[in-house]
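J.: Handing you this structure, nothing more for now.
The values are calculated or read from the model by the stated rules, or taken from the named source; none is laboratory data. Remember, it's a predicted structure, so these values are computed and weren't measured experimentally. All Cβ positions, glycine included, derive from the backbone under ideal geometry; neighbour counts span all protein chains shown.
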Amino acid sequence: MRHPRDLFTPRMCAAVALGAIAGGVCGFAGVATFASGEMPGFFRLWVPIASLLAGAIAILYLRDCFGHPGLVGHFRAISGMVGAALLAMVVAGTLSLPVYGTMFGPLMALTVLVAVPSVIVVWCLSLAVAHLLLRQERAAHRAARIRTEFGRETVS
(Lines give C-alpha, C1' and ligand atoms only; values in the text may rest on other atoms or scores of the structure.)
Protein backbone atom coordinates (compact mmCIF):
# COMPACT_ATOMS: atom_id res chain seq x y z
CA MET A 1 0.00 0.00 0.00
CA ARG A 2 1.31 3.42 -0.91
CA HIS A 3 1.79 5.81 1.90
CA PRO A 4 1.04 9.50 1.14
CA ARG A 5 4.33 10.44 2.77
CA ASP A 6 6.18 8.47 0.08
CA LEU A 7 4.00 9.62 -2.80
CA PHE A 8 3.90 13.35 -2.14
CA THR A 9 7.55 14.23 -1.85
CA PRO A 10 8.53 17.81 -2.73
CA ARG A 11 9.88 16.80 -6.14
CA MET A 12 6.81 14.72 -6.92
CA CYS A 13 4.57 17.64 -5.96
CA ALA A 14 6.63 19.92 -8.20
CA ALA A 15 6.29 17.46 -11.09
CA VAL A 16 2.52 17.27 -10.59
CA ALA A 17 2.38 21.07 -10.43
CA LEU A 18 4.28 21.29 -13.71
CA GLY A 19 1.80 18.88 -15.31
CA ALA A 20 -1.08 20.91 -13.94
CA ILE A 21 0.38 24.16 -15.26
CA ALA A 22 0.95 22.61 -18.68
CA GLY A 23 -2.62 21.31 -18.70
CA GLY A 24 -3.95 24.71 -17.68
CA VAL A 25 -2.01 26.39 -20.48
CA CYS A 26 -3.47 23.89 -22.96
CA GLY A 27 -6.98 24.54 -21.66
CA PHE A 28 -6.51 28.29 -21.81
CA ALA A 29 -5.23 27.98 -25.39
CA GLY A 30 -8.31 25.91 -26.23
CA VAL A 31 -10.64 28.54 -24.85
CA ALA A 32 -8.72 31.28 -26.67
CA THR A 33 -8.84 29.32 -29.93
CA PHE A 34 -12.56 28.57 -29.77
CA ALA A 35 -13.67 31.79 -28.05
CA SER A 36 -14.78 33.34 -31.35
CA GLY A 37 -17.71 30.90 -31.45
CA GLU A 38 -20.62 30.71 -29.04
CA MET A 39 -19.14 29.52 -25.76
CA PRO A 40 -20.96 30.14 -22.49
CA GLY A 41 -19.08 32.17 -19.89
CA PHE A 42 -18.99 29.28 -17.45
CA PHE A 43 -17.05 27.11 -19.91
CA ARG A 44 -14.48 29.85 -20.47
CA LEU A 45 -13.55 29.45 -16.82
CA TRP A 46 -14.22 25.75 -16.35
CA VAL A 47 -12.28 24.35 -19.34
CA PRO A 48 -8.88 25.69 -18.14
CA ILE A 49 -9.60 24.48 -14.60
CA ALA A 50 -10.60 21.04 -15.89
CA SER A 51 -7.47 20.96 -18.04
CA LEU A 52 -5.36 21.93 -15.03
CA LEU A 53 -6.84 19.04 -13.03
CA ALA A 54 -6.42 16.68 -15.98
CA GLY A 55 -2.72 17.55 -16.32
CA ALA A 56 -2.15 16.80 -12.64
CA ILE A 57 -4.09 13.53 -12.84
CA ALA A 58 -2.16 12.45 -15.94
CA ILE A 59 1.21 13.01 -14.24
CA LEU A 60 0.10 11.20 -11.09
CA TYR A 61 -1.21 8.26 -13.10
CA LEU A 62 1.84 7.95 -15.37
CA ARG A 63 4.52 8.87 -12.81
CA ASP A 64 6.28 5.54 -13.31
CA CYS A 65 7.23 6.58 -16.86
CA PHE A 66 9.32 9.50 -15.64
CA GLY A 67 12.64 9.70 -13.84
CA HIS A 68 14.50 6.68 -15.21
CA PRO A 69 18.18 7.19 -16.11
CA GLY A 70 19.84 6.65 -19.47
CA LEU A 71 18.59 6.48 -23.03
CA VAL A 72 15.84 4.02 -22.15
CA GLY A 73 14.68 6.44 -19.46
CA HIS A 74 14.42 9.22 -22.02
CA PHE A 75 12.36 7.02 -24.33
CA ARG A 76 10.12 6.09 -21.41
CA ALA A 77 9.73 9.78 -20.61
CA ILE A 78 8.77 10.56 -24.21
CA SER A 79 6.20 7.76 -24.21
CA GLY A 80 4.98 9.08 -20.85
CA MET A 81 4.60 12.56 -22.34
CA VAL A 82 2.48 11.21 -25.19
CA GLY A 83 0.45 9.00 -22.85
CA ALA A 84 -0.06 11.83 -20.37
CA ALA A 85 -1.20 14.11 -23.18
CA LEU A 86 -3.75 11.56 -24.39
CA LEU A 87 -4.97 10.85 -20.87
CA ALA A 88 -5.20 14.56 -20.08
CA MET A 89 -7.23 15.13 -23.25
CA VAL A 90 -9.77 12.48 -22.28
CA VAL A 91 -9.96 13.55 -18.62
CA ALA A 92 -10.27 17.26 -19.46
CA GLY A 93 -12.96 16.54 -22.03
CA THR A 94 -14.86 14.36 -19.58
CA LEU A 95 -14.65 16.97 -16.82
CA SER A 96 -15.65 19.77 -19.19
CA LEU A 97 -18.69 18.09 -20.66
CA PRO A 98 -19.35 14.68 -19.09
CA VAL A 99 -20.73 12.60 -21.97
CA TYR A 100 -19.88 14.40 -25.17
CA GLY A 101 -16.64 15.85 -23.85
CA THR A 102 -15.08 12.40 -23.60
CA MET A 103 -15.45 12.13 -27.34
CA PHE A 104 -14.92 15.74 -28.40
CA GLY A 105 -12.25 16.69 -25.82
CA PRO A 106 -9.40 14.91 -27.61
CA LEU A 107 -10.62 16.25 -30.96
CA MET A 108 -10.70 19.79 -29.59
CA ALA A 109 -7.26 19.38 -28.01
CA LEU A 110 -5.73 18.09 -31.25
CA THR A 111 -7.29 21.01 -33.11
CA VAL A 112 -5.72 23.40 -30.62
CA LEU A 113 -2.34 21.69 -30.94
CA VAL A 114 -2.46 22.15 -34.71
CA ALA A 115 -3.67 25.75 -34.45
CA VAL A 116 -1.24 26.77 -31.67
CA PRO A 117 1.94 24.65 -31.94
CA SER A 118 3.59 26.53 -29.07
CA VAL A 119 1.30 24.60 -26.71
CA ILE A 120 3.20 21.43 -27.66
CA VAL A 121 6.44 23.15 -26.67
CA VAL A 122 5.01 24.16 -23.29
CA TRP A 123 3.73 20.62 -22.67
CA CYS A 124 7.01 18.94 -23.65
CA LEU A 125 9.22 21.36 -21.71
CA SER A 126 7.08 21.09 -18.58
CA LEU A 127 7.13 17.31 -18.63
CA ALA A 128 10.85 17.24 -19.46
CA VAL A 129 11.52 19.27 -16.32
CA ALA A 130 9.20 16.92 -14.40
CA HIS A 131 11.24 14.01 -15.77
CA LEU A 132 14.45 15.62 -14.51
CA LEU A 133 12.92 16.27 -11.09
CA LEU A 134 11.76 12.68 -10.76
CA ARG A 135 15.13 11.48 -12.03
CA GLN A 136 16.73 13.14 -9.00
CA GLU A 137 14.04 11.56 -6.83
CA ARG A 138 14.80 8.07 -8.16
CA ALA A 139 18.54 8.67 -7.79
CA ALA A 140 18.03 9.66 -4.15
CA HIS A 141 16.10 6.43 -3.56
CA ARG A 142 18.82 4.40 -5.25
CA ALA A 143 21.48 6.12 -3.15
CA ALA A 144 19.61 5.08 -0.03
CA ARG A 145 19.66 1.52 -1.42
CA ILE A 146 15.89 1.38 -1.33
CA ARG A 147 14.13 0.11 -4.42
CA THR A 148 10.90 2.01 -4.79
CA GLU A 149 8.15 2.78 -7.20
CA PHE A 150 7.11 5.92 -5.34
CA GLY A 151 5.48 4.21 -2.43
CA ARG A 152 6.12 0.49 -2.66
CA GLU A 153 9.40 0.05 -0.81
CA THR A 154 11.47 -3.09 -0.65
CA VAL A 155 14.98 -3.18 0.75
CA SER A 156 17.41 -4.60 -1.79
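J.: Looking at (1) of a type outside the set (A, V, I, L, M); (2) at pLDDT below 85; (3) surrounded by 13 or more Cβ atoms within 10 Å (Cβ to Cβ), which is the one condition that is false for Gln136?
T.: Result: Gln136 passes all but (3).
J.: Restricted to segment 79-133, and to residues that are farther than 16 Å from Ile57 by Cα and among the hydroxyl-bearing types (Ser, Thr, Tyr), which residue is surrounded by the most Cβ atoms within 10 Å (Cβ to Cβ)?
T.: Going through the qualifying residues, I end up with Thr111.
J.: Six or more apart or on different chains, Cβ under 8 Å: which pairs go from a residue in segment 34-45 that's on the phi < 0 side of the Ramachandran plot to one that's at pLDDT 80 or above and of a type in the set (Lys, Arg)? Could you list them?
T.: Ala35/Arg44
J.: With respect to the numbered conditions (1) at pLDDT below 90; (2) closer than 20 Å to Trp46 by Cβ; (3) in a helix (DSSP H, G or I), which one is the sole condition not fulfilled by Met89?
T.: Of (1) at pLDDT below 90; (2) closer than 20 Å to Trp46 by Cβ; (3) in a helix (DSSP H, G or I), only one is false for Met89: (1).
J.: Out of (1) at pLDDT 85 or above; (2) in contact with a His (Cβ under 6 Å, 6 or more places away or on another chain); (3) of a type in the set (Val, Ile, Thr), the odd one out for Val129 is which?
T.: Of everything listed in (1) at pLDDT 85 or above; (2) in contact with a His (Cβ under 6 Å, 6 or more places away or on another chain); (3) of a type in the set (Val, Ile, Thr), Val129 misses just condition (2).
J.: Additional query: Looking only at residues in segment 64-78 that are touching a residue at least 60 places away in the same chain (Cβ under 8 Å) and surrounded by fewer than 24 Cβ atoms within 10 Å (Cβ to Cβ), which one is farthest from Ser51 (Cα to Cα)?
T.: First pass over segment 64-78, keeping only residues touching a residue at least 60 places away in the same chain (Cβ under 8 Å): 64, 66-69, 73.
Still in the running and surrounded by fewer than 24 Cβ atoms within 10 Å (Cβ to Cβ): 64, 68-69, 73.
Details: Asp64: 21, His68: 26, Pro69: 29, Gly73: 27 Å.
Top of the filtered list is Pro69.
J.: Something else about it: Kindly evaluate Ala14 against the criterion of being more than 15 Å from Ala130 (Cβ to Cβ), assigned to a helix (DSSP H, G or I) and in contact (Cβ under 8 Å) with a residue 60 or more places away in the chain.
T.: no
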